[in-house]
Amino acid sequence: MKFIEFAEICEKLESVTSNLEMARIISKFLKSADNLDIVTRFIEGSIFPAWSSEELGIGPSLLYDAIAMATGVKKRQVKAGVRELGDAGLACEKLCEKKMQRPLFAGELTVRHVYKSFEAISRAGGKASQKKKTRILADLFGSARPKEARYIARLVLEELRIGVGEGTVRDAIAQAFDVSKDEVERAYMLTNDLGLVAVTAKKGAKELRRLDIELGRPVKMMLAQVAKDVESTIEEMGEVALEYKYDGARVQIHKTNSDILLYSRRLENITKSLPDVVDMLKDGVSFKQAILEGEVIAIGEDGKPRPFQDILRRFRRKYEVKRIAREIPLHLSLFDVLFLDGEGLIHEPLVERRRILEKSLKKDHAPMIEVSPQTITSDISVAERIYKGAISAGHEGVLAKNPKSMYTPGKRGKNWLKVKPVAETLDLVVVGGMWGEGRRANLIGSYSLACRNPTMDSLLDIGRVGTGITDEQLVELTELFKDLVLSDVEMDIQIKPEIVFEIGYEEIQRSSNYKSGFALRFPRLVRVREDKSVKDADTIERVRELYKKQKGQT
DNA sequence: TTTGACTGCCC
DNA sequence: ATTCTGC
DNA sequence: GCAGAATGGGCAGTCAAA
């Protein structure tokens, strides 16, 4: 299949807003496509399947290098284009139109050729590999028409920005090959590869049904939706199964006898980084063949949870794994079982899965591993007590699960609800901004923030904020700050400190990235403090106190 | 040999 | 992760 | 209510520049 056909479909989809219409267009396209697996992933904006360890190793910076190389302009001009158009693909397209003469002998670019180039980019490693990667990519741009270049650039960043995601492609596959949406969804959740699902669906519904959970192939993880408080979860479900929400990292465990594999939420194989977790599972789990799920957490000697940053030091580590494992020992709290001795359990209700899970650990298992404590209740006061207990023990909050619900892989539904305390807020001074991309093109898409240092009468930066802003506000704020711009270089804007934002956050963290020495976790704009000026903004002392208090009690 | 930008992925 | 938005 | 698209801090690994 020619790549231009793919690019033209993308362009058409970009102008359509109706999901039904998008699915119709894609289904027609998939019906006629060869290289169906590749095309299916491409249309959804991914290159390799989620479980694959392949990755390009190209982000915005190297992409801009490649565009510059292909079109013979300076990198800063590429950046200027991205700044102006709010999109690397559009910038690339424009530069290709202007600067580049497509060689006459160049053949038509095919989907296959583009994919092969991506594979080659992925394979490149070692000395001078960045040059090699950018050269391969620049060559692609060299033989691409401008419109093709637009979508190659976006594919590289895995951001097609055409309004198409998994859901749309799932519906399109069902429509294209005349199988039910549910069956497509089921197959996808269990295999994590829309390409494979499309190819199998094309063979027929019978083949599609044959795709199933397999040990060694991670299942998409079920996710929780936010609830406003504990009471509302009981109103929603009647009876809830309550568990602590730990500040850790999700892991899925695939066990075949003594063979243990660990997967992260993005389905990365993280087995090698967590040998201590593997060992506690080897020794502690009685099941021979199973898929289990849990949360790994770091707990200090005092029994209190350690900062999330400590857990991050263990993840994806390749070197000095053992030494850091001793330094930051992990605990594993198991909360689900999806598969046992050849049988899938995802259709079993939570209570039944839980009943099975409780038999998973041997009597003499290591103390580092547990089945996550759970309470089933419909009593609001009991639930509140558990929630308060979670908070005072230093955890994030609770999960309230519907005891009757099955495990729905990849879904963020209302059968699992998470409850966390309402965010704290700080009043911080806006000292800068960054131009946005996509629908935030030509608007300030995020803002840099600072707190006051009253002793020096100066400002200390403490991070940025880019969410919690409505589209309407984005426009208003960009207008508001227009007169306060001190400098505007590439994507970065410096702003005269005058405006104060009230910023919500989950936690104050130590940070070496900001002069204040602190940063906010999950910052969001709550409101513009029109009643406050710079002198009323929060101070570094207050930040320090809040940080201490938070460590003291959590 | 050291430093720092970049990338991908945890939350 | 959080949040907003169009369907 | 869902799916998609904006955006956050911070860690390890990789590679290139200093």
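The helices (runs of 4 or more DSSP H) falling completely within the stretch A:147-239 that include 3 or more residues that are not assigned by TED's automatic domain parsing to the domain that holds A:Gln289 map to A:166-177, A:181-191, A:194-203, A:205-210.
Step by step: first the residues of the stretch A:88-116, then only those that are among the small types (Gly, Ala, Ser) and surrounded by fewer than 20 Cβ atoms within 10 Å (Cβ to Cβ), then the one that is modelled with the lowest pLDDT. Which residue is that? Top of the filtered list is A:Ala106.
Residue count for the stretch A:204-223 satisfying the condition of being more than 16 Å from DNA strand C (Cβ to nearest atom) and either touching a Pro at 6+ places or on another chain (Cβ under 7 Å) or at positive phi (or both): 2.
Restricting attention to the stretch A:402-431, the residues that are over 30 Å from A:Lys496 (Cβ atoms), in contact with a Gly (Cβ under 9 Å, 6 or more places away or on another chain) and among the hydroxyl-bearing types (Ser, Thr, Tyr) add up to 1.
Can you find a residue in the stretch A:4-27 that is under 26 Å from the mean Cα position of the chain (by Cα), closer than 30 Å to A:Ile270 by Cα and crowded, with 20+ Cβ neighbours inside 10 Å? No - not one qualifying residue is present in the stretch A:4-27.
Among the residues making up the stretch A:303-319, those that are near DNA strand B (Cβ under 10 Å from one of its atoms) and within 16 Å of A:Val251 (Cβ to Cβ) are A:Phe308, A:Ile311, A:Leu312, A:Phe315, A:Arg316. Considering only residues that are farther than 25 Å from A:Glu8 by Cα and among the small types (Gly, Ala, Ser), look in the stretch A:125-153 and name the one that is surrounded by the fewest Cβ atoms within 10 Å (Cβ to Cβ). Ranking the candidates gives A:Gly126 first. Evaluate the following for A:Arg306: is it more than 17 Å from A:Glu370 (Cα to Cα) and more than 16 Å from DNA strand C (Cβ to nearest atom)? It is true that A:Arg306 is more than 17 Å from A:Glu370 (Cα to Cα) and more than 16 Å from DNA strand C (Cβ to nearest atom).
Can we say A:Leu480 is free of Cβ contacts under 8 Å to residues at least 60 places away in the same chain and away from DNA strand D (no atom under 16 Å from the Cβ)? Considered against the rule, which asks whether it is free of Cβ contacts under 8 Å to residues at least 60 places away in the same chain and away from DNA strand D (no atom under 16 Å from the Cβ), A:Leu480 comes out as yes. When every residue of the stretch A:346-355 is checked against the conditions, none turns out to be free of Cβ contacts under 8 Å to residues at least 12 places away in the same chain, within 20 Å of A:Ile234 (Cα to Cα), assigned by TED's automatic domain parsing to the domain that holds A:Met406 and in contact with a Ser or Thr (Cβ under 8 Å, 6 or more places away or on another chain).
Could you grab me the full set of residues in the stretch A:486-516 that are among the β-branched types (Val, Ile, Thr) and surrounded by fewer than 16 Cβ atoms within 10 Å (Cβ to Cβ)?
A:Val489
Just one of the listed residues (A:Glu530, A:Glu506) is without any contact (Cβ under 8 Å) to a residue 24 or more places away in the chain and over 20 Å from A:Gly445 (Cβ atoms), namely A:Glu530.
Residues of the stretch A:241-272 being in a helix (DSSP H, G or I) and hydroxyl-bearing (Ser, Thr, Tyr), which ones?
Hit for the stretch A:241-272 is A:Thr271, nothing else.
Please work out if A:Thr134 is within 16 Å of DNA strand C (Cβ to nearest atom) and in a helix (DSSP H, G or I). So A:Thr134 does not fit the description; no. For the stretch A:504-554, a residue qualifies if it is out of contact with any Lys or Arg (no Cβ under 8 Å at 6 or more places or on another chain) and farther than 27 Å from A:His395 by Cβ, and the qualifying residues are A:Lys515, A:Arg527, A:Val528, A:Arg529, A:Glu530, A:Asp531, A:Lys532, A:Ser533, A:Glu541.
Do we find a residue being modelled with pLDDT of 95 or more and within 16 Å of DNA strand C (Cβ to nearest atom) anywhere in the stretch A:73-80? No, there is no match, as no residue in the stretch A:73-80 is modelled with pLDDT of 95 or more and within 16 Å of DNA strand C (Cβ to nearest atom).
Within the stretch A:224-235, does at least one residue satisfy the condition of being more than 16 Å from DNA strand C (Cβ to nearest atom) and of a type in the set (Gly, Ala, Ser)? Looking through the stretch A:224-235, none of the residues is more than 16 Å from DNA strand C (Cβ to nearest atom) and of a type in the set (Gly, Ala, Ser).
Among all residues of the stretch A:17-32, there is at least one that is in contact (Cβ under 8 Å) with a residue 60 or more places away in the chain, away from DNA strand B (no atom under 16 Å from the Cβ) and not in a helix (DSSP H, G or I). Residues that are within 11 Å of DNA strand B (Cβ to nearest atom), surrounded by fewer than 20 Cβ atoms within 10 Å (Cβ to Cβ) and among the aliphatic types (A, V, I, L, M) within the stretch A:257-298 comprise just one, A:Leu267.
The values are calculated or read from the model by the stated rules, or taken from the named source; none is laboratory data. Nothing here was measured: the structure is a model prediction, and the numbers come from that model. In this analysis, Cβ positions are derived from the backbone assuming ideal geometry, glycine residues included, and neighbour counts consider all displayed protein chains.
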